[in-house]
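Enquirer: Below you will find the structure I want to go over with you.
The values are calculated or read from the model by the stated rules, or taken from the named source; none is laboratory data. Bear in mind that the values here come from a model prediction, so they are computed numbers and not experimental data. Note that we place each Cβ from the backbone using ideal geometry, even for glycine, and neighbour counts take in every protein chain shown. The accessibility values were calculated without ligands, DNA or RNA, using every heavy atom of the protein model including side chains. Shrake-Rupley method; radii C 1.70, N 1.55, O 1.52, S 1.80 Å.
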Amino acid sequence: MVKINFLPTLEDAYGSLSQEQLEILRQQVLSEGGDIASVQSRFNYAWGLIKSTETDDQRLGVKLLTDIYKESPMRRRECLYYLTVGCFKLGEYSMAKRYADALCSHEPDNHQAKALKTMVEDKIQKESFKGIAIVSGCIAVGATLAGIMFRAKKRWIGQENSSS
């Protein structure tokens, strides 16, 4: 069986829906009974929330997808992909990597999943380098300040001894 990939790219997740479009998806879920709404309606709403620029919306989207993942084995592939995207957008890179790893372990030949995993790993690496640079910079500043203070103390002690 050949799987056709109809998953959006990570860049697609940054094109948010209008508030009206998001409200239509929300109303669809509410009209179907909220938590008992169809998986498809909740999934559509979750994806719309993840595309949002609002962090609270994105978090709700991730929560909805997590619920769908747990209750609907048939949607797990899509949920893993969109959970990766949602966590990536939220800056939760370690969780994004876990979801991407899970997806790639189930579908090692899925090029979109591999590309998404690579993007997550690249972001983690960049964030690690930033952290190392910040720590190194703080250490350098601290060492410089300690050196300045040591020299100043040495001069002060030297002046005090010469005036005695």
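Enquirer: If packing is taken as the average number of other Cβ atoms within 10 Å across a peptide's residues, how do 29-41, 102-114, 61-73, 83-95 rank, most packed first?
Expert: Top to bottom by mean Cβ count within 10 Å: 83-95, 61-73, 102-114, 29-41.
Enquirer: Only Lys, Arg, Asp and Glu count, each charged at its Cβ (+1, +1, -1, -1), so figure out the dipole size of segment 57-107 about its Cα centre, rounded to 20 debye.
Expert: Approximately 60 debye in magnitude.
Enquirer: Quick one: order TYR82, TYR99 from most to least accessible surface, probe 1.4 Å.
Expert: Sorted by accessible area, descending: TYR99, TYR82.
Enquirer: Here is a further query. Order TRP156, TRP47 by their accessible area, 1.4 angstrom probe, all chains in place, largest first. Write down the numbers at each step before the final one.
Expert: Numbers: TRP156 150, TRP47 45 Å².
Most to least solvent-accessible, the answer reads TRP156, TRP47.
Enquirer: Extension gain GLU121-GLU23, at 0.36 nm per residue separation less the Cα-Cα distance, in nm?
Expert: Value of the extension gain: 31.9 nm.
Enquirer: Additional query: What list of whole percents do you get for P(r) of segment 30-122, with Cα-Cα distances grouped in 10 Å bins up to the one holding the largest distance?
Expert: Going from the shortest bin to the longest, the percentages are 18, 48, 28, 5, 0.
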